[in-house]
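A.B. asks: This is the structure I have questions about; it appears just below.
Nothing in this text is a laboratory measurement; each read-out follows from the coordinates by a stated rule. Everything quoted here is computed from the prediction, not taken from an experiment. Note that each Cβ is placed from the backbone with ideal geometry, even for glycine, and that neighbours are counted across all protein chains shown.
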């Protein structure tokens, strides 16, 4: 623990040097909360990518980059007298204890599902105390669209606005596809866009009913397609042929062989 404290103290000192008005880094001094906000999202995705690749050396580095963002924001807040890194850590610790009464008090939970329910119930109570006008008020608008869709659906489900089973969601998907077919025949571009959005939104609901993560599913699908397409490119290179000179039928045949 002493080594951790030493490293953390040294890290904060490094940041203060980077932000020093006279001798610091010009780029670091110019940054604001808003100017580096997107960096946190980017770093979080790089952490997820390292995990997906099971590259734990990279994961160590990427977690450091993500921590960089946390400390950066905390130091800027400290400069403005808002809060500091100690406050951030203290609030996190208090939140973890508050939302785990089955660990730190007499409330019991046997399964992971029960633990998650307790967590979500306490979060809902905390939102009530903040007196939001809507259950949707604190769902960040800059979340990735699939993640935000799932969060919006979970909020609605807390008051019972949800399908009872995955079969009902499947039926809704079929209904939405039929509506898309109608708009496709009418060649109404605006309505086609809306119907595709409805299908995607309902597909997210299906992932939620299966307790799956839509972003994770899409990331894996992207990786699968990328790997297979790279294999097609290698096949073409090995056989001295150009993919863009082949017919769609020929490309499909190679694709099926690779699958």
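A.B. asks: Could you give the spread of the C-alpha atoms of segment 136-181 along their three principal axes, from largest to smallest, in whole angstroms?
C.D. replies: 33, 24, 13
A.B. asks: Please compute the Cα-Cα pair-distance distribution of the chain with 5 Å bins starting at 0, giving whole percents from short to long.
C.D. replies: Calculated P(r), rounded to whole percents: 1, 4, 7, 9, 11, 14, 14, 12, 9, 7, 6, 4, 2, 0.
A.B. asks: Arrange the following residues from fewest to most other Cβ atoms within 10 Å of their Cβ: 230, 219.
C.D. replies: 230, 219
A.B. asks: Based on alpha-carbon centroids, what's the gap between segment 28-103 and segment 180-259 in Å, whole number please?
C.D. replies: Taking the Cα centre of segment 180-259 as reference, the centre of segment 28-103 is 34 Å away.
A.B. asks: Which three extents, in angstrom, do the Cα atoms of segment 217-258 have along their principal axes, listed largest first?
C.D. replies: 33, 19, 17
A.B. asks: In segment 98-204, how does Rg compare with the Kirkwood Rh, expressed as the Rg/Rh ratio over alpha carbon atoms?
C.D. replies: That ratio equals 1.11.
A.B. asks: Which order do 55, 78 fall in if you start with the one that has the fewest other Cβ atoms within 10 Å?
C.D. replies: 55, 78
A.B. asks: Oh, and also: Along the Cα→Cβ direction, 7 angstrom out, place labels at residue 188 and residue 238. What is the inter-label distance in nm?
C.D. replies: Calculated label separation equals 5.0 nm.
A.B. asks: Based on a Kirkwood Rh over C-alpha pairs, give the Stokes-Einstein translational diffusion coefficient of segment 2-93 at 4 °C and viscosity 1.567 mPa s in µm²/s.
C.D. replies: Stokes-Einstein gives a translational diffusion coefficient of 91 µm²/s.
A.B. asks: May I pose another question? In segment 132-162, whose amide N lies under 17 Å from the spot 7 Å out along Cα-to-Cβ of residue 113? List them in ranges.
C.D. replies: Taking a point 7 Å out along Cα→Cβ of residue 113, the residues of segment 132-162 whose backbone N falls under 17 Å are 158.
A.B. asks: Please order 114, 80 by the number of other Cβ within 10 Å, starting at the fewest. Present the calculation step by step, with values, prior to reporting the outcome.
C.D. replies: Working: 114 13, 80 8.
With the sparsest Cβ surroundings first, the list reads 80, 114.
A.B. asks: Using all alpha carbons of segment 156-259, what is the percent of pairwise distances in each 5 Å bin, ordered from the shortest bin to the longest?
C.D. replies: The distribution over segment 156-259 is 2, 10, 14, 13, 11, 14, 16, 9, 6, 3, 1, 0, 0, given as percents.
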